[in-house]
Amino acid sequence: MAKKIKLGHVHLSGCTGCLVSLADNNLGLIKILDDYADLVYSLTLADVRHIPEMDVALVEGSVCIQDHESVEEIKETRKKAKIVVALGSCSSYGNITRFSRGGQHNQPQHESFLPIGDLIDVDLYIPGCPPSPELIRNVAVMAYLLLEGNEDQKALAGKYLKPLMDLAKRGTTGCFCDLMNEVINQGLCMGCGTCAASCPVRAITYEFGKPQGERDLCIKCGSCYGACPRSFFNFEVMDEFEEISELIAGALK
């Protein structure tokens, strides 16, 4: 086994649901922290005050641009981390925080929130509100193999992570029109309902087993696009499905 990688969790403006999803890995998380990664930064799980050097930074939540400390923190994260991962829909697309209008009692001026990709370069998205524990776990394992594995492991890890890297390259906005053009009209929609379940403003309904979107309600938060399993459908991963599954299972033994 090669040396451990340094893993950090940076918490910005979010509900902590992504961190709960990370913790829901239970024994899988313990295995990762025992054998593959040292958690060097996390507001709730590590006693560290300032952002250190990291191999992988999991960033949860969007950035409040009226909060100077949050803006500087995300910039510092980009400087200190080799790989920056947008963890969840708020970090990736803004999600429900795009609805914020400020006025809360403790900080009424906090009214504008941006996904982290609007301020820094992001290497990879883990979509979802929150992302599934399994997806977070798998990305952590694959990040380790990409950085410290042998050549075959690096190749498989790269194929697994490529669709999530492509999501990051795509940008920080998305709407139902994107789903219509890139998924539904391409015959890829399987009627699972994930897009409707993820929509924070209920702009998506179902008719005859297919999603329908209300443009007047859509806030272009990207949640539906990021949550749709077919939006980052990739044949390179499908062709290597068995090998990748065996690789992850072997790493977690």
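The values are calculated or read from the model by the stated rules, or taken from the named source; none is laboratory data. Source: prediction; values computed, not measured. Using ideal geometry, Cβ is built from the backbone for each residue, glycine included, and neighbour counts are taken over all protein chains shown. Ligands, DNA and RNA are excluded from the accessible area calculation, which covers all protein heavy atoms including side chains. Shrake-Rupley method; radii C 1.70, N 1.55, O 1.52, S 1.80 Å.
Worth a mention:
- Between LYS6, LYS31, the distinction of being touching a residue at least 40 places away in the same chain (Cβ under 8 Å) and either open to solvent by less than 90 Å² (accessible area, probe 1.4 Å) or farther than 14 Å from ALA81 by Cβ (or both) belongs to LYS31 only.
- With respect to being surrounded by fewer than 19 Cβ atoms within 10 Å (Cβ to Cβ) and at pLDDT below 95, ALA37 falls outside the description.
- Residues located in the range 187-202, provided they are surrounded by 14 or more Cβ atoms within 10 Å (Cβ to Cβ) and either within 18 Å of the chain's Cα centre (by Cα) or closer than 16 Å to THR97 by Cα (or both): THR194, CYS195, SER198, CYS199, PRO200, VAL201
- Across the range 203-234, the number of residues qualifying as farther than 22 Å from SER132 by Cβ and either more than 20 Å from the chain's Cα centre (by Cα) or open to solvent by less than 20 Å² (accessible area, probe 1.4 Å) (or both) comes to 13.
- Considering residues of the range 155-186 that are open to solvent by 70 Å² or more (accessible area, probe 1.4 Å) and assigned to a helix (DSSP H, G or I) only, the residue nearest to ASP123 (Cα to Cα): LYS169
- The range 64-96 - residue that is of a type outside the set (S, T, N, Q) and in a loop (DSSP other than H, G, I, E, B) and, of those, surrounded by the most Cβ atoms within 10 Å (Cβ to Cβ): GLY88
- Index of the failed condition, ALA57 passing every other in (1) modelled with pLDDT under 90; (2) farther than 25 Å from CYS224 by Cβ: (1)
- Index of the failed condition, LEU167 passing every other in (1) without any contact (Cβ under 8 Å) to a residue 12 or more places away in the chain; (2) within 26 Å of VAL139 (Cα to Cα): (1)
So that you can scan it fast, the table gives a plain yes or no per residue for (1) assigned to a helix (DSSP H, G or I); (2) under 15 Å from the mean Cα position of the chain (by Cα); (3) surrounded by 19 or more Cβ atoms within 10 Å (Cβ to Cβ):
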residue: ARG98; (1), (2), (3): yes, no, yes
residue: ARG101; (1), (2), (3): no, no, no
residue: ASN106; (1), (2), (3): no, no, no
residue: GLN109; (1), (2), (3): no, no, no
residue: PRO131; (1), (2), (3): no, yes, yes
